[in-house]
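Presented below is the structure to which this report refers.
Where a number appears in this text, it was derived from the coordinates with a stated rule and is not lab data. Since this is a predicted model, take the numbers as computed values, not measurements. Cβ coordinates were reconstructed from backbone atoms using ideal geometry, including for glycine residues, and neighbour counts include every protein chain displayed.
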Amino acid sequence: MFPQQSVDVHLMPLLNAAASGHLMPSLNAALGHLMPLLNAALGHLMPLLNAALGHLMPSLNAALGHLMPSLNAAAAGRLMPLLNATAAGHLMPLLNATARFEARLLGVGGPGDAEDLFLAKYIERANAERGLSLT
């Protein structure tokens, strides 16, 4: 192991000189030869890609033109009524019962029905399991 001072004094200037004197000109020369080759390759490649996309995009657009109406019809015809029925059948009554129960807790609701009573008992039991109490 070299002491840090030896590295700083002897090794770093040597590395810097080697990098700047030998490495950078070599890299620059390599890039000077490489970049025109890359540019030429891209010059030949890009028209091919553009031509391929020119043939491909109309096919994709035509496929989407036939596919999207089918997907839209399937979604509108089958999925949305199912989601609507599920939301209306399960979610909305729960939200409504929760809102009525909260209103009763705040003292603004009327006498609760069986749904409210069930929800109240459910929340009371869940809170009791957690060690919480509303009363």
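Remarks
- In terms of the mean number of neighbouring beta-carbon atoms within 10 Å, the peptides 86-99, 31-44 order highest first as 86-99, 31-44.
- The phi-based Karplus calculation (6.51 cos²θ - 1.76 cosθ + 1.60; θ = phi - 60°) puts the 3J(HN,Hα) values of the range 15-21 at 5, 4, 5, 5, 5, 6, x Hz, whole numbers, x for Gly and Pro.
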